[in-house]
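K.L.:
Just passing along the structure, written as structure tokens.
We did not get these values from a lab; they are worked out from the coordinates using the rules stated. Just so it is clear, the structure is predicted and the values come from calculations on it, not from any experiment. Using ideal geometry, Cβ is built from the backbone for each residue, glycine included, and neighbour counts are taken over all protein chains shown.
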Amino acid sequence: MLLLDLPNELLEAISVSILDDADISAFSRTCWRAFRSSSAHLYRNNYLQHDGSAMTWALKNQRPETVRRAIDAGIDLVKLHHITTAAEIGDSEVFHSLLACKDNYGGFDQLSRDEKGGFPILSAVGSGCFDIVKTLLETGKVNINIRDRHQHTALHVAAHDGSHEIATLLLEYDADVYAKDSFGRIPLSIAASPHTYQNCPRNHTVQRDRESFLETINQLIAYGSRVEYREPDGETALHSAASAGFCDVVELLATRYGADVNTRDGAGRTPLHTTSLYLGKLEMTQLLVSLGANPNALSKEGQNSLSMDRNAEEPALVADYLLEHGARMVIDIKGATPLHMVGFMGSVELVDVLLKHGADINAQDIEKMTPLHCAAQIPEAGDVIRRLVERGASVGIKNMQGETALACALDNYSFEVVEFLLKQGASPNCVNRFGVPVIQEAIERQAIDLVQVLLDHGAKTNMPSPDGQTATHYAALVGNIEIMKLLFRFCAEFNVRDSRGCTPLMVAVAVNSYPVVELLLKMGAFVNASDK
């Protein structure tokens, strides 16, 4: 008899007798009647043998027809993590179907945290589905202030996404406006500068217009969140908005809610300080100044709003505007001026702006560092170094450790900068902070191009280090025969002794540098010399 001719009862009996999922699936595909007879058994067996993996797969791949067949299997197969997944997807119909199925078997005891550590309410808020959020809250089985591993609550998520309707709903259910995440941030701070924090509450899946974010802020404040609330670092929501570049939020907080534009964080920085440091855009600077921000307010480091970071997007425009509106060229507690930071920022235009307004190009901080010294320490600051020298920066000034800008540049193996400074008159015989001639430092690094350019500009091969070693001692120590040959072409002395009485030949023997030993012997090094 053909399978198609069997009665439904027999087909169902055959299906129930099969225990393996793969075999059940194969049987169900033989004909439509077999599929109808075995479908429920397939999902029941999957639930018992594989923890309901078919339901999880259907939810994650958004296959509602598979979800419906699983629900119709006549078994209590809905788990709380299925509810979390449906909430995360934001499929209200599937969510309600799952919840109704579970209600047929007594429902869930709680809806706060699932078996896999997920949070239905946080997932629902993250999906932006108002209906699912409302349904969860109406069950009375959700801890509205439950936190994820970063200590975010549902209100943090709504604030981050600018979901003002959901935020209002959560607030109506007594969501805590002062709940702090792992960084001590409350929902108001996150709403003021969304998508700018490490460990953002969600994955930026919900897109809202700016009006929605502003309304979220309005609702948070209406339900008791204080505008002047300070995070652990002392920052307010106004600091956050200013540093993130949200002019609309800054204007809202300052004009409607009276936020103090000169309020200070734990480091003594005002919002104008923070926007200079972390944003550096003219539009925000202009707005804050127009709202009464003081450009000369000093932080605890003695810096005003002219102090900027390399994150500043328009440093020259910002500095020019601030200086035109009364900002002074202050000296901070380390003796540094705004010009000391230009190398770090890499802005040639900022050099010109600051000098136009009277900056001292050779100003020295408490360590006697000039702006040129500071720039020379930055590998990418070549253009700034050139501009500083073109505008009159001295290449011969030494810092407290006795270094010139050339010695600082050599620390970073900046060949182009070293060559430029030498051409501008920098001494090739300067020393580093340890009193070692820079040519010896170049040899120690085996930077033959630097050795060559220093020699070409008059570096002394026999100038001793504090322990009496010369360039040939260093070449012997590193065992670089090409550098040794180069030194000989510039008449380097090869029988000179260091403070311990060692010659370059002794050093080469000690480090087993046989090619260098052979070369030194060929050049006439004394073989009978002895150390002390």
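K.L.:
Please give, to one decimal in nm, the separation of the simple spin-label points placed at His325 and Glu301, each 7 Å out from Cα toward the Cβ.
P.N.:
It is 2.2 nm.
K.L.:
Holding the Cα-Cα limit at 24 Å, pick out from Lys60/Lys102; Lys423/Lys522; Lys60/Lys134; Lys460/Lys485 the pairs that are longer than that. Before the final figure, lay out each step's value.
P.N.:
Working: Lys60/Lys102 19 Å; Lys423/Lys522 35 Å; Lys60/Lys134 22 Å; Lys460/Lys485 15 Å.
Lys423/Lys522, as the Cα separations exceed 24 Å there.
K.L.:
Just grab the label-to-label distance for Thr255 and Glu444, each label 7 Å out from Cα along the Cβ direction, in nm (one decimal).
P.N.:
Spacing of the two 7 Å Cα→Cβ label points: 6.0 nm.
K.L.:
With r as the distance between the Cβ atoms of Asp209 and Asp174 and R0 = 25 Å, compute the FRET efficiency 1/(1 + (r/R0)^6) and round to 0.05. Please list the in-between numbers first.
P.N.:
On the way: r = 28 Å, r/R0 = 1.11.
Using R0 = 25 Å, I get an efficiency of 0.35.
K.L.:
Further, regarding this structure: Can you spot the lysines whose alpha carbon is less than 29 Å from Lys281's alpha carbon? Ignore those fewer than 8 places along the same chain.
P.N.:
Straight-line reach from Lys281, under 29 Å: Lys300, Lys334, Lys356.
K.L.:
Which Rg and Dmax, in Å, describe the Cα atoms of the range 226-325?
P.N.:
Both quantities, over Cα of the range 226-325: 12.0, 35 Å.
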